[in-house]
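What follows draws every value from the coordinates through simple rules; no lab data is involved. Just so it is clear, the structure is predicted and the values come from calculations on it, not from any experiment. Cβ atoms come from the backbone with ideal geometry, glycine included; neighbour counts cover every protein chain shown.
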Amino acid sequence: MNIQNYINGQYVDPVNNKWLDNYCPANGEIYGQIPDSTKEDVEVAYIAARTAFSEWSNTTLDERNRVLLRISEDIEKNLDRLAEAESKDNGKPIWLAKAVDIPRAASNFRFFANAITQFASESHESVGQNAINYTLRQPIGVVGCISPWNLPLYLFTWKIAPAIAAGNCVVAKPSEITPMTAYLLGEICTNAGLPKGVLNIIHGLGNTAGQAIIEHPDIKAISFTGGTATGAHIARVAAPLFKKLSLELGGKNPNIIFADCDYEDMLDTTVRSSFANQGQICLCGSRIFIEEPIYEKFRADFVKRVKELKIGHPSDPGTKVGALVSKPHLEKVLSYVDIAKEEKGKILCGGKAVSLPDYENGYYMEPTIIEVKTDECRVNQEEIFGPIVTIMPFKTEQEVLEMANKVKYGLSSTVWTNDLKRTMRLTKELQAGIVWVNTWMLRDLRTPFGGVKDSGVGREGGFEALRFFTEPKNICIKY
Ligand code: TXE
């Protein structure tokens, strides 16, 4: 199946008529083509967005709310079709796409449809100076949204929904590895009555189509989620052009387990936080630290539970671990098993690629647990972004805090304990944008989302996203 760019409310071929292959991770076959777009396509998309801006930025909030709610409803109506497309493109179990990815994409539109009606700005009375200041929060104009392959429609809409709710027009690019649901979103937006040009979707490679978006002089804000190296590159390109940037990058998140935790709840959640979506979530807890008194028990129970996880075709409802997103990514993840062995890590389970009967060319891998002797080894420091976690014991709170913080990333952390004082101490000291206590991946869309250190700059979510996608202007009136 061939997919096309979505520009000015129309599906169109790329200007150069060049195409890229799209692979199905479950069987390794090419099943379609996507535009290999270039600067020319981005320019056409930019002009459509710029043309639509004056009208869209002046639509009433009531009207924007209605349009975004209709998009949300249409995503829900297309749940099965979108979930199938997401699963086929990404390799994730179809039940997961149905339960999480697509419903969340609908929630993103619903949430920001409503959030914009509650968004307010500040005013400051300059007492004794007979003046009043107020802040106008105006849409920026044309903004760029660039998203990755791990949660394709979920993250694509997480950026687009607040951008258009705030009155901007968008040039967006999904990952070239998972373009399908973004393609289908175009039709949904047209049917929901989103005016043409408000959202333009360009498909293609990062270093051509993506690059054209980030270096476009008149696309004044970029919201990006993806790898840390790409984020650093975008920051270098955007800085001299004075663009506003929101970068959501990688993570290497600690999962810290104390002996006083609710053990069964912790165990269930830890299996999920380690291997959900084949471990390809930036929030996965890939470094597991366990307090010494329960280390042996945890190790035995965790290995047993992980060995039971069914690796299978994404469309099989019993599948817990589907296919990894691409062959190069599978190879990268597997290379860390060799690195672990060189570093004298002990592979407690998994570690190998899997050849599924009938799908021998799919990108499957066993969920893998590596016992490490030191937190400083590469498997414990570098983002693997696949079904590999490390485990190691710790003795004291201070020791585990130091290990947790001793990585270049700072996206999320999880702490399992019932000790309130310890919770208060650790949640303050952990270097992360999100700390979960006795849970994981519980999301409230009003909260600020993002990371510290090499995990990014800026926050999205709730009003933070609406602040990002608007430019504040101070008006001072003397009377
Ligand atoms: O991401 P890229 P990749 C991590 C994970 C993974 C690594 C690389 O460790 O192994 O990043 O993954 C677009 N200008 N995460 O290579 O390249 C690209 O087309 C503009 C963590 O797939 O960062 C895609 O749309 N855009 C992460 C998007 O950037 C460019 C999720 C992300 O791709 C560009 C994914 C350029 N020069 C990977 N180059 C998370 N935090 O969730 C690429 N892109």
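Each of VAL372, VAL389, VAL303 was scored by other Cβ atoms within 10 Å of its Cβ. Arranged with the fewest first, they read VAL303, VAL372, VAL389.
What the phi angles of region 285-300 give under the Karplus curve with 6.51, -1.76 and 1.60, with θ = phi - 60°, is a coupling list of x, 8, 10, 9, 10, 10, 5, 3, x, 10, 4, 4, 5, 4, 4, 5 Hz, glycine and proline written as x. Cα extents for region 366-459 along the principal axes, largest to smallest and rounded to whole angstrom: 37, 29, 24. The order of HIS124, HIS216, going from fewest to most other C-beta atoms within 10 Å of their C-beta, is HIS124, HIS216. As a rough guide to protection, the peptides 447-455, 247-255, 128-136, 228-236 ranked by mean Cβ packing within 10 Å, highest first, stand as 247-255, 447-455, 228-236, 128-136. Taking the Cα centre of the chain as origin and assigning +1 to Lys and Arg Cβ atoms and -1 to Asp and Glu Cβ atoms, the resulting dipole is close to 800 debye.
Amide H to amide H distances under 5 Å link VAL452 with GLY410, LEU411, GLY433, where only residues 5 or more positions off or on other chains count and H is placed in the peptide plane. Starting from the Cα gyration tensor of region 295-351, take the square roots of the eigenvalues, sort them a ≥ b ≥ c, and report rounded, prolate or oblate (rounded when a/c is under 1.5, otherwise prolate if a/b is larger than b/c, else oblate). Oblate is the answer for region 295-351, as a/c is 1.5 or above yet b/c matches or exceeds a/b. Between the residues LEU245, TYR295, GLN280, the greatest Cα displacement towards the positive end of the dipole of region 243-312, with unit charges on the Cβ of Lys, Arg, Asp and Glu, is found for LEU245. Ranking ILE75, PRO25, VAL12 by Cα position along the charge dipole of region 11-79, where only Lys, Arg, Asp and Glu carry charges on their C-beta atoms, puts ILE75 farthest toward the positive end.
Which shape class, rounded, prolate or oblate, goes with region 105-156 when its Cα gyration tensor gives a ≥ b ≥ c as root eigenvalues, a/c under 1.5 marks rounded, and past that a/b bigger than b/c marks prolate? Verdict is prolate for region 105-156.
Rounded to the nearest whole Hz, the Karplus-based 3J(HN,Hα) values (6.51 cos²θ - 1.76 cosθ + 1.60, θ = phi - 60°) of region 10-21 follow the sequence 10, 7, 9, 6, x, 4, 7, 6, 9, 9, 10, 7, with x at glycine and proline. For VAL321, the amide hydrogen comes within under 5 Å of the amide hydrogens of LYS310, ILE311, GLY312, counting only partners 5 or more places away or on other chains and with H modelled in the peptide plane.
Taking a threshold of 25 Å on the Cα-Cα distance, which of the pairs LYS304/LYS373; LYS220/LYS478; LYS244/LYS473; LYS220/LYS428; LYS304/LYS344; LYS297/LYS346 fall above it? From the list (LYS304/LYS373; LYS220/LYS478; LYS244/LYS473; LYS220/LYS428; LYS304/LYS344; LYS297/LYS346), the Cα-Cα distance tops 25 Å for LYS220/LYS478; LYS220/LYS428.
One chain, two ends: LYS196 and MET424. Fully extended at 0.36 nm per residue, the span grows by 77.1 nm beyond their Cα-Cα distance.
Taking Cα centre as origin and charging only the Cβ of basic (Lys, Arg, +1) and acidic (Asp, Glu, -1) residues, the dipole magnitude of region 290-421 rounds to 160 debye.
Looking at region 99-220 alone, DSSP beta bridges between its own residues are antiparallel in about 35 percent of cases.
Here is the list for region 336-369: trypsin sites (Lys or Arg not before Pro) lying in DSSP coil, each with at most 13 other C-beta atoms within 10 angstrom of its C-beta, are LYS344, LYS352.
Sorted fewest first by neighbouring Cβ atoms within 10 angstrom, TYR6, TYR359 come out as TYR359, TYR6. Listed values for region 27-43 are Karplus-derived 3J(HN,Hα) couplings in whole Hz (6.51 cos²θ - 1.76 cosθ + 1.60, θ = phi - 60°), namely 9, x, 8, 6, 10, x, 10, 10, x, 9, 6, 10, 3, 4, 5, 5, 5, and x replaces Gly and Pro.
For region 425-471, what does the alpha-carbon gyration tensor say about shape, rounded, prolate or oblate, given a ≥ b ≥ c as the root eigenvalues, a/c under 1.5 as rounded, and a/b over b/c as prolate? Note, shape of region 425-471 comes out oblate. Partner lysines whose Cα lies under 28 Å from the Cα of LYS77, excluding those fewer than 8 positions away in the same chain, are identified as LYS88, LYS92, LYS98, LYS159, LYS173, LYS196, LYS320.
Both radii were evaluated on the Cα set of the chain; the Rg over Rh quotient, with Rh as the Kirkwood radius, amounts to 0.99. Size descriptors for region 145-213, from the alpha-carbon set: Rg then Dmax equal 11.3, 32 Å. Estimated from the Cβ-Cβ distance and a Förster radius of 35 angstrom, the FRET efficiency linking LYS408 and SER123 is about 0.30. Take every pair of alpha-carbon atoms less than 8 Å apart whose residues are at least six positions apart; their mean separation over the length of the chain yields a relative contact order of 19 percent. Scanning residues 5 or more positions from GLU248 or on other chains, those with amide H under 5 Å from its amide H are PHE224, THR225, GLY226, with H placed 1.01 Å from N in the peptide plane.
Rounded to the nearest 20, the Cβ-based charge dipole of region 95-190 about its Cα centre (Lys and Arg +1, Asp and Glu -1) stands at 180 debye.
Where both bridge residues fall in the chain, DSSP classifies roughly 45% of the beta bridges as antiparallel.
Its relative contact order, with pairs defined as Cα atoms under 8 Å and 6+ residues apart, puts region 222-340 at 19 percent.
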